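Below you'll find the structure, written out as structure tokens, and then a few comments.
Every number in this text was worked out from the coordinates using simple rules, so none of it is lab data. Computed from a prediction, not measured in an experiment: that's the story for all the values here. Please note: Cβ atoms are built from the backbone with ideal geometry, for glycine as well, and neighbour counts cover all protein chains shown.
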Amino acid sequence: VHHRDRSKETPTEASCFHYLNLTSRSFSSVIQELNPELLMPVTLFYLVLRGLDTIEDDMTLDIKVKEPLLRNFHEKIEVDGWTFNDSGPNEKDRELLVHFDDIITELHKVKPEYFVVIKDIARQMGNGMADFALNGDHDKYGVITIKDYELYCHYVAGLVGDGLTRLFVESKLANPALLSRPELAEAMGQFLQNVNIIRDIKEDFDEGKKWWPKEVWSKHVDNMEDLFKPEYRQQALWCSSEMVLNALKHADDCLYYMAGVRDQSCFNFVAIPQTMAIATLDAVFMNPAIFEKNVKITKGDACQLMIESTQNLRLVCEVFRRYARRIHRKADPRDPNYFAICIQCGKIEQFI
Ligand code: PS7
Ligand code: MN
Ligand code: MN
Ligand code: MN
Ligand code: MN
Ligand code: MN
């Protein structure tokens, strides 16, 4: 049941949904089923952040062009008719920037309370992305400390959690108490982004993006590229298991966050990506294939998760427990992180 009513859509509204469908595999359907009050604000929020990410990801853009574009993107959304035509090769996402005037037209129609949230998060995210894009050593080392890694994940995902929470509370669709526990929204974003960065390791590395922190990989290999060499497979696996452990630490706060979401459509929207994330964590855990290709959960599992994520918190906790048990069973006593992983899984298995 989409809340879109195509017969009443303006051409620019229809254009926004076109770019939503074009640029998102995982979010487009859940967003389109959102409560009508938040349908357009969240669609536009997504498209603004997707625009930022397209600029961030474009390794063909000169840093002299990229940096100011990221830092001032929140000002561009004020300018009627603004578009960007010089973005690089990613064809689908490029289209979004070429037609960004349509998104801006619709942004100017949303309630000011929602617009300020979108603008504020775009400002913070753009500046954070610019800081990391500017890091001169990135080509050589990428992210250095776990603290830096968490800061990067805060900019590209924790902030999304903050912005969405403000939209949910403003529209009275979530418990305002969530605003006094900002670490819970942060955990929601960190969990999704940590899993994305683990899963995308090969693809990101090949594109010159090194998001796995040196503080982690240097315990296992001397150079980051060794992670991809067959002779270092065992070390690479222990390294990936430490990345999985870092992600798992956010799981219980995600469950606490979801307890605060009142509206069913918002619950579905926040829960589906989270259950997909813990299932993906199980799929990548102890899986050497991540160093060769992009590992995905099966279509069947994704369908099952959709059903289980659109009912209630009890079922979502059950999904978390199920995947925590699977991860727990795969843990290897020879792994330096074995005990820590067992403890983290145990916490999820015993959650409420
Ligand atoms: C629900 C409290 C506004 C719905 C949803 C576009 C995915 C793209 O895809 O590796 O591998 O190329 O470049 C917290 C979504 C965090 C973010 C971050 C959950 C906006 C989204 C822009 C908070 C999604 C985490 C870059 C930055 O990774 O991606 C609640 C809505 C959520 C967008 C994600 C992605 C970052 C990203 P890809 P990258
Ligand atoms: Mn991206
Ligand atoms: Mn990116
Ligand atoms: Mn076109
Ligand atoms: Mn256009
Ligand atoms: Mn990614």
Given (1) free of Cβ contacts under 8 Å to residues at least 60 places away in the same chain; (2) surrounded by 14 or more Cβ atoms within 10 Å (Cβ to Cβ); (3) within 20 Å of the chain's Cα centre (by Cα), index of the condition residue 280 fails:
(1)
Which one is surrounded by the fewest Cβ atoms within 10 Å (Cβ to Cβ), of the residues in the stretch 318-332 that are among the hydrophobic types (A, V, I, L, M, F, W, C) and assigned to a helix (DSSP H, G or I)?
319
Within the stretch 88-103, does at least one residue satisfy the condition of being within 16 Å of ligand 4 (Cβ to nearest atom) and closer than 30 Å to residue 172 by Cβ?
yes
Enumeration of residues in the stretch 82-115 that are touching a Gly at 6+ places or on another chain (Cβ under 7 Å), more than 15 Å from ligand 2 (Cβ to nearest atom) and hydrophobic (A, V, I, L, M, F, W, C)
100
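Rundown of residues vs (1) outside any helix (DSSP H, G or I); (2) touching a His at 6+ places or on another chain (Cβ under 9 Å); (3) among the β-branched types (Val, Ile, Thr), yes/no style:
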position: 157; (1), (2), (3): no, no, no
position: 184; (1), (2), (3): no, no, no
position: 191; (1), (2), (3): no, yes, no
position: 194; (1), (2), (3): no, yes, no
position: 202; (1), (2), (3): no, no, no
position: 211; (1), (2), (3): yes, no, no
position: 225; (1), (2), (3): no, no, no
position: 232; (1), (2), (3): no, yes, no
position: 243; (1), (2), (3): no, no, no
If the Cβ limit is 8 Å and pairs must be 6+ apart or interchain, which residue in the stretch 175-195 that is of a type in the set (Phe, Trp, Tyr) pairs with which residue that is assigned to a loop (DSSP other than H, G, I, E, B)?
191/250
Picked from the stretch 48-91 (must be charged (D, E, K, R) and over 22 Å from the mean Cα position of the chain (by Cα)), the residue nearest to ligand 1 (Cβ to nearest atom) is 76
